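Here's the structure, in structure tokens; my notes come after.
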Amino acid sequence: MTGDVIVSGAARAQRVWHRAWRILAHHRAARVGSWLLVPAVWVAISAAVPRIAGPVPVAEAFWEELTSGELYWQFGISLRRFLVGMAIGIGLGLVVGIALGIWRVFDLLLSGPAIAALAIPSIIWALLATMWFGFGDTAPIFTVAVSALPFVGVNVTTGIQAMPRDLTRMSAAFGVPAWRRLTRLLVPAVTGYLFAGTRLAMIVGWQALLLSEWFGAVDGVGFRARYWYDANRPEGTLAWIVLFIVFVVLLDRVLLERISRWVFRWRAQESTQPAPVQEA
Amino acid sequence: MAAIEVRGVRKVFGTGDHQTVAIEDISFSVADGEFVSVVGPSGCGKTTLLNIISGVEKATAGEVVVGDGSEVRIGYVFQEPRLLPWRRVLDNILYVLPGRGRNNRARALEFLGMVGLEDVARKWPNQLSGGMQQRVGIARALAVEPALLLMDEPFSHLDAMTARALRGQLQDIWLATGLTVLFVTHDIAEAVQLSDRIVVLARGGTVREVLPIELEHPRLSSDPRVGALQAEIMGRFDDVPSREAVGGTR
């Protein structure tokens, strides 16, 4: 009797352990773990180094900004600058990218400068823009646009140059009109590259915005982070930096990834059916 | 429907020292409603010839007249399906149809039905097998209601059974519609089974000979007369050095 109980108890423990391990080893658990890892490391470091504000004071500073209305106001200003800058950057990037991709003259003329532009750090643009345009909306918008433009441009050019020739020839053989070729062949063929470029451009553009506002603005997320920095209140600066990071992650993971999944839904399913056999 | 006149066509790629002669001099004609195959060794300009006839490429010299010389609707079936992977099957057919609207939709579905694929109209191309994709390519070429159908080794990438089934289907469609078909292949058996005449090209891009195939349609690939004719035609190439023998896809 007792032997049975012990055996079943051990078996149950083993079952529980197996189930726990299955959950822990599951890739979803790993993903959740990756999100928990960062705060855990943060807590550990802030406990060891007093000058680094931990999650609690940062959350308090965040709450202060939220209740005073600063958060909403400053974030709104930054978001507007970001969206305008990105729209200009992506728009011009598309035009430049298409021109470079289609006409070899432009490619020879501009691909060198485009690579050089990719190599210029956003901080240089932020400093130059502040000197040129002074404090206000123009400098941050310009910085976002010029930081984003080359990423979009270079990727679109690559996309056009990698266009499947078979499909262009097919379209020519059937006499498909130019507009239809543009919208259903060229644009979808380039979309993958445009997406990759836009994703990078958004991350780089958002960084550029923060830098530009840090140096050359009297409002916005970057300015507010600087304000706390000048006040020697690291928890305030960190609160804004956390907001900044959360925004980039949400933008990338939630918005861009979802759009990308929808746009590339045709890639999702692979052929599973065997070749049909019909006797002639 | 449309007849084809190919007169002294020559095609040279590149300029100066980097010139390659793809077609030296080719002349032949195809009658209205005729099924003509073009066979020849790799690199004799078969695909280039189809591209010139379809207007995708321009001949360096000579001329091609299709029909009465006015704009003629051409359907083209390639070696590979060449479908837009990001458009659904039905949209792939609508892509090449002139204009838009309900009629086009009905027509696209009708031709998908003709190749037995009306059920997959809403699927993405990569959900279909290679044979099904090629049938979509055939439905697309037929849906433009062409006066002339150009086919460039359409079955060469398919397994033997699927290719055989599609050959039978093509023969039925041709007999039902009376289309003019110009069919490029390296498979003599296929050419014998399907064609009224076979244009044999020689390496370098000239016409070696034109062979009439005088058997009634439809023909089965298992028909012993088809096999005998194939053997006879193959025999004619015995005088050609082996590297020039008919075969290869490019």
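The values are calculated or read from the model by the stated rules, or taken from the named source; none is laboratory data. A quick note: this is a predicted structure, and the numbers were derived from the prediction, not measured. We place every Cβ from the backbone using ideal geometry, glycine too, and count neighbours over all the protein chains shown.
Structure notes:
- Number of the exception - B:GLU57 against (1) loosely packed, with under 15 Cβ neighbours inside 10 Å; (2) at negative phi; (3) not aliphatic (A, V, I, L, M): (1)
- Residues being touching a helix residue (DSSP H, G or I) at 6+ places or on another chain (Cβ under 8 Å) and over 16 Å from A:PRO177 (Cβ atoms) - total across the stretch B:93-109: 4
- The number of residues in the stretch B:125-164 that are within 7 Å of chain A (Cβ to nearest Cβ), touching a helix residue (DSSP H, G or I) at 6+ places or on another chain (Cβ under 8 Å), in a helix (DSSP H, G or I) and free of Cβ contacts under 8 Å to residues at least 40 places away in the same chain comes to 4.
- Restricted to the stretch A:74-119, and to residues there that are at pLDDT below 90 and of a type in the set (Phe, Trp, Tyr), the residue that is nearest to A:ILE160 (Cα to Cα) is A:TRP103.
- Test result for A:GLY112, small (Gly, Ala, Ser), surrounded by fewer than 14 Cβ atoms within 10 Å (Cβ to Cβ), without any contact (Cβ under 8 Å) to a residue 12 or more places away in the chain and within 15 Å of A:PHE151 (Cα to Cα): yes
- Residues in the stretch A:159-189 that are farther than 14 Å from B:PRO85 by Cα and more than 11 Å from every other protein chain (Cβ to nearest Cβ): A:GLY159, A:ILE160, A:GLN161, A:ALA162, A:ALA178, A:TRP179, A:LEU182.
- Of the criteria (1) facing chain A (nearest Cβ under 9 Å); (2) touching a residue at least 12 places away in the same chain (Cβ under 8 Å); (3) more than 25 Å from B:VAL184 (Cβ to Cβ), which one B:ARG122 fails: (1)
- Of the strands (runs of 3 or more DSSP E) lying entirely inside the stretch B:20-117, those containing at least 2 residues that are touching a residue at least 60 places away in the same chain (Cβ under 8 Å) and at the interface with chain A (Cβ under 9 Å from one of its Cβ atoms) span B:74-77.
- Of the numbered criteria (1) closer than 30 Å to B:THR47 by Cα; (2) touching a Gly at 6+ places or on another chain (Cβ under 8 Å); (3) not in a helix (DSSP H, G or I), the one A:ALA189 fails is (3).
- Every listed requirement among (1) surrounded by fewer than 21 Cβ atoms within 10 Å (Cβ to Cβ); (2) under 25 Å from B:GLY168 (Cα atoms); (3) among the β-branched types (Val, Ile, Thr) is met by B:THR48 save one, (2).
- Meets criteria (outside any loop (DSSP other than H, G, I, E, B), surrounded by 23 or more Cβ atoms within 10 Å (Cβ to Cβ) and more than 14 Å from chain A (Cβ to nearest Cβ)) for B:VAL200: no
- The residue list A:GLY153, A:GLY192, A:GLY136 contains one member that is away from every other protein chain (no Cβ under 14 Å) and within 20 Å of A:ILE102 (Cβ to Cβ), which is A:GLY153.
- Given (1) over 16 Å from B:ALA3 (Cβ atoms); (2) surrounded by 23 or more Cβ atoms within 10 Å (Cβ to Cβ), index of the condition B:VAL38 fails: (1)
- Condition broken by A:ASP219, with the remaining ones in (1) assigned to a helix (DSSP H, G or I); (2) of a type outside the set (Gly, Ala, Ser); (3) out of contact with any strand residue (DSSP E or B) (no Cβ under 8 Å at 6 or more places or on another chain) satisfied: (1)
- Unmet requirement for A:ALA61, which otherwise passes all of (1) under 18 Å from the mean Cα position of the chain (by Cα); (2) surrounded by 18 or more Cβ atoms within 10 Å (Cβ to Cβ): (1)
- Only one of the numbered conditions (1) modelled with pLDDT of 90 or more; (2) under 30 Å from B:PRO41 (Cα atoms); (3) within 13 Å of chain A (Cβ to nearest Cβ); (4) in a helix (DSSP H, G or I) is violated by B:GLN169, and that is (1).
Results for (1) polar (S, T, N, Q); (2) within 24 Å of A:ALA217 (Cβ to Cβ), shown as yes or no for each residue.
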site: A:ALA11; (1), (2): no, no
site: A:ALA20; (1), (2): no, no
site: A:ALA29; (1), (2): no, no
site: A:VAL56; (1), (2): no, no
site: A:ALA61; (1), (2): no, yes
site: A:SER68; (1), (2): yes, yes
site: A:LEU71; (1), (2): no, yes
site: A:LEU92; (1), (2): no, yes
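- Residue in the stretch B:181-191 that is surrounded by fewer than 22 Cβ atoms within 10 Å (Cβ to Cβ), under 18 Å from the mean Cα position of the chain (by Cα), at the interface with chain A (Cβ under 10 Å from one of its Cβ atoms) and touching a residue at least 12 places away in the same chain (Cβ under 8 Å) present: no
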